[in-house]
Amino acid sequence: MTGEKSEGLVVMAKPVGSRCNMRCRYCYYLGKGRYSAHAKQTVMSADLLEKLIREAAASSAGPVSFIWHGGEPTLAGIGFYKKVVELEKRLIPKGREVWNNLQTNGLLLNDEWCRFLKENRFDVGISIDGSELIHDRNRLTIAGEPTHRRVLAAIARLRRHGGDPDLLCTVNASSLKDPAGVYRALRDTGCTWIQFIPIVIRRGDGTLSPLSADPAGYGEFLVSVFDEWVKNDLGKCDVQLFAETARILAGGEASLCTMRKTCGRVLIAEEDGAVYSCDHFVDDGHRLGNLRSGKLAGMAESEFQKRFGERKESALTSECRACPWLRFCGGGCPKDRFGKSAEGEAGQYILCEGLKRFFSHAVPVLEQIMKESAAGRSPAEIMREIGTRPFPEPDSLLPSSPDSV
């Protein structure tokens with residue numbers, strides 16, 4: 001088992017664990033330090049980092065892929081990432097593709113950081129919740145200070161150094177009130193890739209917290225953003241959900257784990273060497289082992305992890321299995337399946353109503369865009385055409401069977 005290699009394995013490394021220099025109101029990760037073997041989380045040691053890179057290279061048959069995450073991963077210091085690059089050059093055979101992605105709040109990104117990230121071809125994702133008003137309601141420093149202007153400055157600094165960061169925007173109760181404003185604020189940074197991440201916080205009684213996106217509001221948010229994008233920004237920037245939906249329409253498979261049939265191919269490596277099933281399942285029940293004593297490939301290919309990933313499909317409700325939009329949403333993230341189906345069956349994706357609203361609205365339009373693009377029409381021509389016609393009513397778009405989508 002330990003000699004097997006895993007196709008499509010990605011390591012999400014947490015070099016400082018859950019430590020962060022911000023206190024976002026909806027953060028799901030800040031308390032994960034309680035699962036660490038260390039009484040106080042520090043920075044991943046040099047020997048453990050070397051083991052991680054060596055194991056990742058040995059475990060994957062394809063590109064060696066790291067997402068450097070947190071907490072706030074820049075708290076490890078720029079020297080840590082210089083060591084990452086040094087070890088990758090030494091331990092990974094020449095010609096083998098290596099992919100590094102740093103996901104950060106941006107507060108520590110000075111010119112030195114930006115030069116380093118550009119020179120060493122790190123992809124960068126920066127968290128920003130759209131407009132200043134909405135962002136600063138939830139994304140504050142430890143001292144409770146607003147951060148929006150500092151994040152905008154970090155984005156501008158990265159762009160001056162030739163970078164094009166991905167924008168990671170949560171969809172929460174505040175942003176539902178101004179979807180077009182949130183989208184325009186992100187677009188106006190000049191960045192070309194936007195990810196919308198719904199905030200789903202389950203309370204003890206099984207209901208959504210007041211900070212969360214509600215199902216109906218989430219659907220209307222996505223529809224409003226889609227209409228703004230499709231009429232004004234085709235060919236200028238991309239939105240992850242729209243791009244993934246188009247990929248599926250074209251016969252491909254989504255790269256986003258929440259939209260795939262199965263999951264479990266992104267393992268979490270914590271600062272103490274512990275490895276977990278998923279970023280949303282860092283707990284004692286999903287600890288696969290430790291890099292100090294185990295092999296990453298063995299953990300990835302363990303029966304426990306295989307069952308974990310396969311349950312995404314095997315645990316679908318009857319409503320999901322019969323839904324014409326299942327091939328697009330994949331049933332949603334397993335952590336958020338605490339709703340009930342129309343028949344009262346437990347385990348329904350809590351934002352199901354919102355995704356149905358979005359797909360029924362967007363899929364026919366995306367199909368038309370793809371046809372016109374294949375016929376050689378430019379994004380500008382397609383936008384002019386789309387701008388002159390009303391979108392169909394959603395009730396007329398629901399297919400009679402999954403095969404008809």
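Run lengths n ≥ 4 of DSSP H only: what is the helix-derived mean residue ellipticity at 222 nm for the chain, with -39500 (n - 2.57) per run over all residues, to the nearest 500?
-11500 deg cm²/dmol
With the chain treated as a Gaussian network of Cα nodes joined by springs under 10 Å, which of PHE304, PHE358, PHE66 yields the largest mean-square fluctuation?
Maximum fluctuation in the GNM of the chain, among the listed residues, is at PHE304.
Explain nothing, just the number: relative contact order of the range 213-342, from Cα pairs under 8 Å at least 6 residues apart, as a whole percent.
With pairs under 8 Å counted, the relative contact order is 23 percent.
If the reach is capped at under 12 angstrom between alpha carbons, list the aspartates and glutamates near LYS340, excluding any in the same chain fewer than eight residues apart.
GLU319, GLU353
Per residue, how large is the accessible surface of the range 97-224? Use a 1.4 angstrom probe and give square angstrom.
Solvent-accessible surface per residue comes out at 43 Å².
Which order, highest average first, do 86-94, 119-127, 218-226 follow once you tally other Cβ atoms within 10 Å for each residue and take the mean per peptide?
My ranking of the peptides, most packed first, is 218-226, 119-127, 86-94.
Report the residues of the range 48-80 in range of a label on GLU86: point 7 Å along Cα→C-beta, backbone N strictly under 19 Å from it.
Within reach of a label on GLU86, which here means backbone N under 19 Å from a point 7 Å along Cα→Cβ, the range 48-80 contributes 48-55, 74-80.
Suppose the chain between SER255 and PHE304 were pulled fully straight at 0.36 nm per residue; how much longer would it get relative to their current alpha carbon spacing?
Computed gain between SER255 and PHE304 is 15.4 nm.
Would you mind listing how long the chain runs along its three principal axes, going by Cα atoms, in whole Å with the largest first?
60, 47, 46
Which loop-located GluC sites (Glu not before Pro) does the range 230-332 contain, where loop means any DSSP state but H, G, I, E or B and the Cβ has at most 14 other Cβ atoms within 10 Å?
GLU253
Pairing the Cα long axis of helix 352-374 with the longest principal axis of the chain, what angle in degrees results, from 0 to 90 and rounded to the nearest 10?
80 degrees
Taking all protein chains as present, what is the carbon and sulfur share of the accessible area of the range 34-90, in % to the nearest whole number, probe 1.4 Å?
Its accessible area is 55 percent carbon and sulfur atoms.
I'd like the distance separating the alpha-carbon centroids of the range 106-178 and the range 216-290, in whole Å.
19 Å
Mind giving me the nanometre distance, one decimal, between the label points for ARG157 and ALA322, set 7 Å out from Cα along Cα→Cβ?
The answer from the label model is 5.5 nm.
If R₀ is 45 angstrom, what is the calculated FRET efficiency for the pair ASP284 and LYS236, using the beta carbon separation as r and rounding to 0.05?
Step by step, r from the Cβ atoms, then E = 0.45.
Between the range 42-57 and the range 75-95, how far is it from one alpha carbon centroid to the other, in angstrom?
The range 42-57 and the range 75-95 have Cα centres spaced 10 Å from each other.
Taking 0.36 nm per intervening residue step and subtracting the Cα-Cα distance, what contour gain separates LYS94 from ALA39 on full extension?
15.9 nm
Under the definition of Cα pairs under 8 Å and six or more residues apart, what whole-number percent is the relative contact order of the chain?
It rounds to 17 percent for the chain.
Between THR192 and ARG23, take the C-beta separation as r, use R0 = 30 Å, and let me know the FRET efficiency to the nearest 0.05.
0.50
How much of the accessible area of the range 186-342, in percent, comes from carbon and sulfur atoms when a 1.4 Å probe is used?
Looking at the range 186-342 in its full context, I get 51 percent from C and S.
The values are calculated or read from the model by the stated rules, or taken from the named source; none is laboratory data. Computed from a predicted model, the values in this text were never measured in an experiment. Heads up, the Cβs are rebuilt from the backbone with ideal geometry, glycines too, and the neighbour counts pull from every protein chain shown. To get the accessible areas, we keep the full protein, side chains included, count just its heavy atoms, and leave off ligands, DNA and RNA. Shrake-Rupley method; radii C 1.70, N 1.55, O 1.52, S 1.80 Å.
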